Amino acid sequence: MRTELYINERFGEITKNPTGAWTHPYFLPVSIPREFALTAESMAAVSRADLALGRLSGLAMLIDDPELLLGPSMMQEALSSSRIEGTRASLSDVLSAASVDEPIEDENLREVSNYLDAAAQGTDLMNAWPLTQRFFCALHATLLANVRGEEKFPGELRRSPVWIGSPNARPETARFIPPHHDRIGELLADWERFVNEPSTMPPALRAALMHYQFETIHPFLDGNGRIGRLLIGFLLISDGVLSAPILPISGYFERNRDEYYDRLQAVRERGEMEEWLQFFCEGVEQQANHSAARIRALVAVRERYRRETINDRSALTSVVDLIFRNPVVTVAAVMRHAGVSRPAASAALRRAEARGWLRSAGRWGRGGRERWVATEVWSAVSSEKAFGQESTEGPR
């Protein structure tokens, strides 16, 4: 690690263990600031982010179906957060995998599915557990189950040093070496106090500081980025800002992946916390506005479909509910959701297709099952113009 680059010690310092086998220097962050004097530019960014979160929260309170919020938002969030770490998957494949009731064979899709499971698990645990080491270790165990990284002690804090850099980096050439594992306990104790103590700090500012510190502590051997990004949503829930994890912040980080990592590192090297805060708050503002627009679009389409089927007694009404949870549907999915026979489910899909709600998207998966895609819902959920046309490449 090039220690000469670490020229500002406001938020941490380069240190070494005086004894022990690990002789390399590492970065030791200071405790999370409880008070922060912001410049006018940073205060404006924080204010815009908090206003956007407020508008999103207000809109969410008007929705009678939480799945309408969680389904589309969390699938996109899971995909973006996983792709930041190199997972190769597309939204169409993620949605297709979710529409069939069978084991997921592709490891990339399992990674995204695990993220969704961890998000759902965290949402349930929020009712009983505070945001502590116990909470995020439980999510970590789910995240790394039966995928790459499962040999790196899922659910357990690291007990050895790690370093971050190119794939072939050594400690000497690493860009960043997180705190020695002997220091993790004290650092996480401070992190837990920060996220759980009463605070007058603006929510977006708290989330930015929390995420920076978690990524800098780097408590796990693998999966730190994905867990850290999940915790952004859960902190906003814990602070009473959002009622569910409906802020897909990872989409912003994926679009700006290099800057995301550079901004975090600039705090450690040069003390550029203001720049990180502005970058983070810009992402919160953008993604909150995107999420609100998506919810409005989905609600408008759903209400129109419901009006068209108000007197319909067939399984078509169940198709309406189903496609707003996942715009990719199969006969088997309709059968499970509506509790109807295969002929009734197939007939409902054909009626929806005739109304222009669905179009056939070909066959997918081990059994070659035919899929239908709800085009208007897909347009609201995905930034891609056509189903199946989004890139499956990982980050470069």
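Among the residues of region 80-115, which ones are farther than 23 Å from Asn256 by Cβ, in contact (Cβ under 8 Å) with a residue 40 or more places away in the chain and in a helix (DSSP H, G or I)?
Across region 80-115, the qualifying residues are Ser92, Asp93, Leu95, Ser96, Ala97, Ala98, Ser99, Glu107.
Please pick out the residue among Asp190, Asp182 that is part of a helix (DSSP H, G or I) and open to solvent by 50 Å² or more (accessible area, probe 1.4 Å).
Working: Asp190 fails: open to solvent by 50 Å² or more (accessible area, probe 1.4 Å).
Unique residue meeting the criteria: Asp182.
Among the listed residues Ala120, Ala45, which satisfies the condition of being of a type in the set (A, V, I, L, M, F, W, C), at pLDDT 90 or above and open to solvent by 50 Å² or more (accessible area, probe 1.4 Å)? Before you say what the answer is, go through the steps one by one.
Working: Ala45 fails: open to solvent by 50 Å² or more (accessible area, probe 1.4 Å).
After applying the criteria, what remains is Ala120.
Quick check on region 298-315. Is at least one of its residues under 16 Å from Gln76 (Cβ atoms), in contact (Cβ under 8 Å) with a residue 12 or more places away in the chain, open to solvent by less than 40 Å² (accessible area, probe 1.4 Å) and aromatic (Phe, Trp, Tyr)? Steps first, please.
Kept after step one, since they are under 16 Å from Gln76 (Cβ atoms), are these residues of region 298-315: 298.
The next check asks that each one be in contact (Cβ under 8 Å) with a residue 12 or more places away in the chain; those that pass are 298.
Next, from what is left, pick out any that are open to solvent by less than 40 Å² (accessible area, probe 1.4 Å): 298.
Going one step further and asking which of them are aromatic (Phe, Trp, Tyr), we end up with none.
No.
Tally up the residues in region 213-241 that are open to solvent by 10 Å² or more (accessible area, probe 1.4 Å) and either farther than 19 Å from Leu143 by Cα or of a type in the set (Ser, Thr, Tyr) (or both), please.
Selection size over region 213-241: 5.
Based on what the data block shows, is Glu85 open to solvent by 10 Å² or more (accessible area, probe 1.4 Å), among the charged types (D, E, K, R) and modelled with pLDDT under 95?
Numbers: open to solvent by 10 Å² or more (accessible area, probe 1.4 Å): yes; among the charged types (D, E, K, R): yes; modelled with pLDDT under 95: yes.
Yes: the conditions hold for Glu85.
Go through Glu4, Glu77 for me and flag whichever is without any contact (Cβ under 8 Å) to a residue 60 or more places away in the chain, in a helix (DSSP H, G or I) and under 30 Å from Glu269 (Cβ atoms).
Values: Glu77 fails: without any contact (Cβ under 8 Å) to a residue 60 or more places away in the chain.
One residue alone meets the criteria, Glu4.
Is it the case that region 283-294 has a residue that's surrounded by fewer than 21 Cβ atoms within 10 Å (Cβ to Cβ) and of a type in the set (Val, Ile, Thr)?
Taking every residue of region 283-294 in turn, none turns out to be surrounded by fewer than 21 Cβ atoms within 10 Å (Cβ to Cβ) and of a type in the set (Val, Ile, Thr).
Collect the residues in region 343-352 that are open to solvent by 10 Å² or more (accessible area, probe 1.4 Å) and under 13 Å from Glu370 (Cα atoms), keeping them in residue-number order. Talk me through it step by step, then tell me what you get.
Taking region 343-352 as the starting set, the residues that turn out to be open to solvent by 10 Å² or more (accessible area, probe 1.4 Å) are 343-344, 346-347, 350-351.
Scanning region 343-352 gives Ser346, Arg350.
The values are calculated or read from the model by the stated rules, or taken from the named source; none is laboratory data. Quick caveat: nothing in here was measured; it's all calculated off a predicted structure. Backbone-built Cβ (ideal geometry, glycine too); neighbour counts: all protein chains shown. For accessibility, only protein heavy atoms count, side chains too; no ligands or nucleic acids. Shrake-Rupley method; radii C 1.70, N 1.55, O 1.52, S 1.80 Å.
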